[in-house]
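Following: one structure in structure tokens, then a few remarks.
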Amino acid sequence: HIDQTFNEGAGALTLGGEVDIRSSQSSQDMSQMTGDELRLEFEYPNSSSQNNRELETVIAKNNAQIEHRVWEEEDKTMPPIVYYIGGDHIEYNPNTQETIAVGHGELVLRDPRKPEIQMHQSALAGKGTTRFTWSQKLQTLQLSKELYRISMNGNVEMVHKNLDGHIGMLTSN
């Protein structure tokens, strides 16, 4: 379904039926969005020009998954940095990378790079793989270019495995 009137004519596109969208900005990254329904909402980034549109929001519903992978090297011999989120209903802003996920969901962050500051590494934080699950809601808020606040509600569980293999776990409502 194409909606040419959405957002003052910038438009929106709704795709239904086991949708799988893949994109890449360079040879070192790959993004994939899947769901039973995906909606892409656009905006005009500069109010003086209505020639160029940008993707403003991605809304994925029912079995929604958004995954982004980045490789440090061109040859892709090392595992990629991974950001994955899955759930019932996900809204994602590609410009700020802010996310809202309503209902049951999971967030997986994997960063296999060697840490620059060793003292910030533990069984509960730092480089490695972290998996969060929740039953109600996740919301991220961009605080700076590289810093986000992540809030989760409802039977939250976090499992972290650092690069040394130590595992830590936290649970909370």
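The values are calculated or read from the model by the stated rules, or taken from the named source; none is laboratory data. It should be emphasised that the depicted structure is a prediction, and the values quoted were computed from it without experimental measurement. In this analysis, Cβ positions are derived from the backbone assuming ideal geometry, glycine residues included, and neighbour counts consider all displayed protein chains. SASA here: full protein model, heavy atoms, side chains in, ligands and nucleic acids out. Shrake-Rupley method; radii C 1.70, N 1.55, O 1.52, S 1.80 Å.
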If amide hydrogens are placed 1.01 Å from N in the peptide plane, which non-local residues have theirs closer than 5 Å to the one on Glu72?
Ile81
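Please work out how much length the chain gains when fully extended from Val102 to Glu116, using 0.36 nm per residue of separation minus the C-alpha to C-alpha distance, in nm with one decimal. Don't jump to the answer; show the numbers that get you there.
On the way: separation 14, 0.36 × 14 = 5.04 nm, distance 3.43 nm.
That pair, Val102 and Glu116, stretches by 1.6 nm at full extension.
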Once you charge only the Cβ atoms, +1 for Lys and Arg and -1 for Asp and Glu, what is the size of the charge dipole of region 1-117 about its Cα centre, to the nearest 20 debye?
160 debye
When the charge dipole of the chain is computed with +1 at the Cβ of Lys and Arg and -1 at the Cβ of Asp and Glu, the Cα pointing farthest to the positive end, of Leu55, Val82, Tyr44, is that of Val82
Long-range lysine pairs (8 or more apart or interchain), the chain, Cα under 26 Å:
14
Put one equal scatterer on each alpha carbon of region 1-86, apply the Debye formula with no solvent term, and list log10 I(q)/I(0) at q = 0.10, 0.19, 0.20 1/Å to two decimals.
-0.33, -0.91, -0.95
Output ³J(HN,Hα) for region 157-173: one whole-Hz value per residue in order, computed from phi by the Karplus curve 6.51 cos²θ - 1.76 cosθ + 1.60 with θ = phi - 60°, and x for Gly and Pro.
9, 10, 10, 10, 10, 7, 5, 7, x, 6, 10, x, 9, 10, 10, 6, 7
Max mean-square fluctuation residue, GNM over the chain, Cα-Cα springs under 10 Å, options Ile117, Ile66, Ile21
Ile117
For region 103-153, calculate the relative contact order in percent as a whole number, restricting contacts to Cα pairs under 8 Å that are 6 or more residues apart.
37 percent
Assuming 0.36 nm per residue, please report the length gained on full extension of the stretch Thr171 to Gln25 beyond their Cα-Cα distance.
48.9 nm
Explain nothing, just the number: relative contact order of region 29-98, from Cα pairs under 8 Å at least 6 residues apart, as a whole percent.
33 percent
How much area per residue is accessible in region 1-69 when the probe is 1.4 Å and only protein heavy atoms are counted (Å²)?
62 Å²
For region 56-173, taking Cα atoms only, what is the radius of gyration to one decimal and the Dmax to the nearest whole Å?
14.6, 42
Checked against the positive end of the charge dipole of region 55-173 (+1 on Cβ of Lys and Arg, -1 on Cβ of Asp and Glu, about the Cα centre), the farthest of Pro94, Asn173, Pro112 is Asn173
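Relative contact order of region 73-132: what whole-number percent is it, with Cα pairs under 8 angstrom and at least 6 residues apart?
Computed value for region 73-132: 31 percent relative contact order.
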Along region 125-135, Karplus-curve 3J(HN,Hα) (6.51, -1.76, 1.60; θ = phi - 60°) to the nearest Hz, with x for Gly and Pro, reads 7, x, 5, x, 10, 10, 10, 10, 10, 8, 10
Applying a 10 Å radius around every beta-carbon, put 57-64, 164-171 in order of their mean neighbour count, most first.
57-64, 164-171
The ³J(HN,Hα) series, computed from each phi in region 51-60 with the Karplus coefficients 6.51, -1.76 and 1.60 at θ = phi - 60°, rounded to the nearest Hz and given as x for glycine or proline, is 8, 10, 10, 10, 5, 9, 8, 10, 10, 10
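For the chain, with all protein chains present and a 1.4 Å probe, just round the carbon and sulfur fraction of the accessible area to a whole percent. Don't jump to the answer; show the numbers that get you there.
Working: 5140 of 10760 Å².
Ligands and nucleic acids excluded, carbon and sulfur give 48 percent.
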